[in-house]
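Asker: Got a structure here, written out as structure tokens. Questions coming.
The values are calculated or read from the model by the stated rules, or taken from the named source; none is laboratory data. What you see is a predicted model; the values in this text were computed from it and never measured. Backbone-built Cβ (ideal geometry, glycine too); neighbour counts: all protein chains shown. All accessible areas refer to the heavy atoms of the entire protein, side chains included, with ligands and DNA or RNA removed. Shrake-Rupley method; radii C 1.70, N 1.55, O 1.52, S 1.80 Å.
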Amino acid sequence: MSLDMLRHNIEILQDVCNQYSKETELKKKFTLKNQILFLTTSINKLLENDN
């Protein structure tokens, strides 16, 4: 799987997480959301280093 595909999958997971938080109306931060943010940042750094 390419890094671009991984980034796309992470973006989809972020959207799902955001929708879930809106639907449940929870105000606290989700551990899953924080993990996805970390993964997204890591992938972006890796892509920057490859270019």
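Asker: For the list (1) assigned to a helix (DSSP H, G or I); (2) at pLDDT below 85, I need the number of the one condition that LEU26 fails.
Answerer: Of (1) assigned to a helix (DSSP H, G or I); (2) at pLDDT below 85, only one is false for LEU26: (1).
Asker: When both residues are 6+ apart or on different chains and their Cβ atoms are under 8 Å apart, which pairs have a first residue that lies in the range 5-18 and is over 9 Å from ILE36 (Cα atoms) and in contact (Cβ under 8 Å) with a residue 60 or more places away in the chain, and a second that is of a type in the set (Val, Ile, Thr) and not in a helix (DSSP H, G or I)?
Answerer: Hits for this filter: zero, empty list.
Asker: When the residues of the range 33-51 are narrowed to those that are of a type in the set (A, V, I, L, M) and within 9 Å of the chain's Cα centre (by Cα), which ends up most open to solvent (accessible area, probe 1.4 Å)?
Answerer: At the first step, the residues of the range 33-51 found to be of a type in the set (A, V, I, L, M) are 36-37, 39, 43, 46-47.
Narrowing the set further to residues that are within 9 Å of the chain's Cα centre (by Cα) leaves 36-37, 39.
On the way: ILE36: 8, LEU37: 101, LEU39: 83 Å².
Checking each candidate, the answer is LEU37.
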